[in-house]
Structures are given as C-alpha cells and as structure tokens.
Amino acid sequence: MSNEQQVPPNGLSYKQAGVDIDAGNALVEAIKPAVRSTRRPGADGEIGGFGGLFDLKAAGFKDPVLVAANDGVGTKLRIAIETGKHDTIGIDLVAMCVNDIIVQGAEPLFFLDYFATGKLDVAEGKAIVEGIAEGCRQSGCALIGGETAEMPGMYSAGDYDLAGFCVGGAERDQLLPRGEMAAGDVLVAIASSGPHSNGYSLIRKIVEVSGVAWDAPAPFAPQQTLAQALLTPTRIYVKPLLAALKDGLAIRAMAHITGGGFIDNIPRVLPDSLSAHIDLNAIAVPKVFGWLAQTGGMDAREMLRTFNCGVGMLVAVAPDDADALIAHLANSGEQAARVGVLAARDGDAVTFEGALAL
C-alpha cells in the first residue's frame, strides 16, 4: 500500500500547505494604528512597502554617525507563550535594542521587527506588535517596518520567535564612551525593573525546581502571579539619558547590564587603563533576585555574571556632575544612586566590595 498522498483535483494551495496570506494581510491592517502612533520627525510613511524610509535631515542631524543594534527576547518568550500573555513582550524586544543604542550616546531613530511563527494568529500578532509600538513610543523611535513569517514545520503549535533591529544617530562629536574618562569618575546605577530579558533559561529552570505554578502568587511579589512578575517589561532608559546628555552633564560612558551581568558588560566600555570598583552594599536589589539566588542555590559571583541584580544601566560621570545626574534621573522617574568609582586598573576590570542584599 502506497504512503503517497493524492494531489487534490484542483491542485494544492499555499493555505493548504499551512501559510495563510489573508491572515498576514489582516495583521498588517490590524497593526497600522499602532505603527502610526510611533511617527516622529524623519519618519512619517505607512508600512506595507518594500522598505522603510527615514530622513536624517528632517530629524535635525548635521554631521551624523549611524549606530545600529539588533537583539531578541530569549526564552522569556516561553513564559509569554505558555501563559498566553503577549502584550508586553514587544516592549522587551525594543528595550533590548534601544538601550544598546543609548549607551553609544545615540538617539534611537527607527525600529524594525521580525516575527516568525508556525501558524499566524492575528489577535496574538496584533498584541505583540502593539507591545513593540509601545516600546517605540517609550524610546521615541519610529516603527517603520518589519516581517511576519508564517513557517509551518519550523515552529510547534503556538510557538513564535521575535527579533528586533534598531538604528540610531548621534552627532559625530557626541559619541560615547568619551576619551576623557578618568580615575575618580563616579559610577551611577539606574534601577532595573527586574531580570529584564536575560537569564531566563536559568530562571525557568529555577521555577521548575521551585514547583511554583505560573498562575500562583509570586513568592517575592504575592500581589502578582509568578508569570506576571517575571514578564515585567525591560525598563527603557532612552529619554531620561538623552535629556541628561542634551543638558550637558559630563557623562563619560554607559554600560547596559544584560547577559553577562556586571562582570562581562562593564569592561566593554572601559579603556585597558581603568577598572570599575563597585560597592555592592549600595545596590538596591529587588526581591526577585533574592528568591532566584536562594531557590537556585546560586552564589553572589554567579548572580553578578548572570543577572543585572537590580542595575539596568551603569553610567560613568564626572565627579562634579554625579549629584546633578542622580537628581535629573529622579525627576524623570528613575531610581539612581552612586555605587562606585573608576580607578587605575591593577588586575580585574571590575572589582567588588561589600555584599549583595540577596
């Protein structure tokens, strides 16, 4: 008996192969209002063409350098997929890109997304893209295009993946880090909203070990379910930091604390002659990290190399401007504090004193 399937009399269609062109078109129409809400000087076109346009001159640049970044959300997506909560994961996608742009001293200008799934659900896709649009509004960049790929056989039922691409611009003489960075510069930490979008493969393992269900109260935040707490969006620091730069505060460098934590991210912006000396006692550590450390049996060193531990962004600033920067950030709704200094390097690029309050 043959295992071959018969071709229908009228031939096969793309829809029978699992790809619904009409659903894709319906999604484009459904997200147009969200996309329009992200318009800004330099970008005022509609989505649906073959490419997105951006006018640097209309955005006010004179001698610009373009800065580009791309990223994803990692396995934080699994929590969104398993719990059916898709409305904030797009904020994470934008945040992971635009926070990398601002550390170069650049303004995020436009964003494009890539959304791949096995079978397109228009309502789900709309929720995801509306989250992306919210992230774009928070960072002041325009969502000028993207790609939705329906790929049956590549993704299991209900699964999807996201990637984001951002381009920013800076005047040539305003790029970070600055050459005048020096020993004695103050390190200012800006608070994170939680684990952001890093370390989630380990987080999910710890949740599995804990036996706590996604819909149960979070042990560290009982007013929320565990899923809600762990899906808290990555904080976007673009607007307050851009304002601080435009006000002329002497910011020397910034480090976005992502995968690799303090130990791997801070050296990326330091010259070989300087090290960052951090007082762990000065860091306000959110309760989620204490729960992760205790439940997972993790020591402080592993925490510092895996998670942001409460610091989403670290800023090196001239000593005379440190207090002004902290006040400026507070006025913008950010929690910031002195957590260390730069010093002449004699050994490791990052050194610690004190202990994390885990």
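Where in the range 297-353 are the strands (runs of 3 or more DSSP E), entirely inside, with at least 3 residues that are more than 24 Å from Ile236 (Cβ to Cβ) and among the aliphatic types (A, V, I, L, M)? Break it down into steps so the answer makes sense when it comes.
On the way: elements: 311-317, 336-344, 350-353.
Filter on the range 297-353 gives 336-344.
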Val212: passes all of (1) farther than 12 Å from Leu230 by Cβ; (2) surrounded by fewer than 20 Cβ atoms within 10 Å (Cβ to Cβ); (3) not polar (S, T, N, Q) but (1)
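This table checks each residue for (1) charged (D, E, K, R); (2) touching a Pro at 6+ places or on another chain (Cβ under 7 Å); (3) on the phi > 0 side of the Ramachandran plot; (4) open to solvent by less than 40 Å² (accessible area, probe 1.4 Å).
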position: Pro271; (1), (2), (3), (4): no, no, no, no
position: His277; (1), (2), (3), (4): no, no, no, no
position: Arg305; (1), (2), (3), (4): yes, no, no, no
position: Leu329; (1), (2), (3), (4): no, yes, no, yes
position: Ala343; (1), (2), (3), (4): no, no, no, yes
Result of the Cβ filter at 7 Å on the range 309-330, keeping first residues that are over 19 Å from Asp100 (Cβ atoms) and partners that are modelled with pLDDT of 95 or more and basic (Lys, Arg), at least 6 apart or interchain, is Val317/Arg252; Ala318/Arg252; Ala322/Arg338
Cβ pairs under 6 Å, 6+ apart or interchain, first in the range 148-168 and closer than 24 Å to Ala106 by Cα, second of a type in the set (S, T, N, Q), ordered by first then second residue, are Phe165/Asn70
Check the range 143-150 and report whether any residue there is more than 25 Å from Ala68 (Cβ to Cβ), within 23 Å of the chain's Cα centre (by Cα) and not acidic (Asp, Glu).
no
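Quick check on Arg252: is it in a strand (DSSP E or B), open to solvent by 30 Å² or more (accessible area, probe 1.4 Å) and closer than 26 Å to Arg305 by Cβ?
On the way: in a strand (DSSP E or B): yes; open to solvent by 30 Å² or more (accessible area, probe 1.4 Å): yes; closer than 26 Å to Arg305 by Cβ: yes.
In short, yes.
Among the candidates Glu124, Glu82, which residue alone is closer than 27 Å to Leu226 by Cβ, of a type in the set (Asp, Glu), surrounded by fewer than 21 Cβ atoms within 10 Å (Cβ to Cβ) and without any contact (Cβ under 8 Å) to a residue 60 or more places away in the chain?
Values: Glu82 fails: without any contact (Cβ under 8 Å) to a residue 60 or more places away in the chain.
Just one listed residue meets the conditions, Glu124.
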Among residues of the range 174-208 being assigned to a helix (DSSP H, G or I) and touching a residue at least 40 places away in the same chain (Cβ under 8 Å), the residue most open to solvent (accessible area, probe 1.4 Å) is Lys205
### Message
I'd like to know if the range 215-229 contains one or more residues that are crowded, with 19+ Cβ neighbours inside 10 Å and closer than 23 Å to Asn331 by Cα.
### Response
no
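The values are calculated or read from the model by the stated rules, or taken from the named source; none is laboratory data. The shown structure was predicted, so the numbers you read here are calculated from the model rather than taken from an experiment. Because the Cβ atoms are built from the backbone with ideal geometry, glycine has one as well, and the counts that use them run over all protein chains shown. With ligands, DNA and RNA removed, areas are computed over all heavy atoms of the protein, side chains included. Shrake-Rupley method; radii C 1.70, N 1.55, O 1.52, S 1.80 Å.
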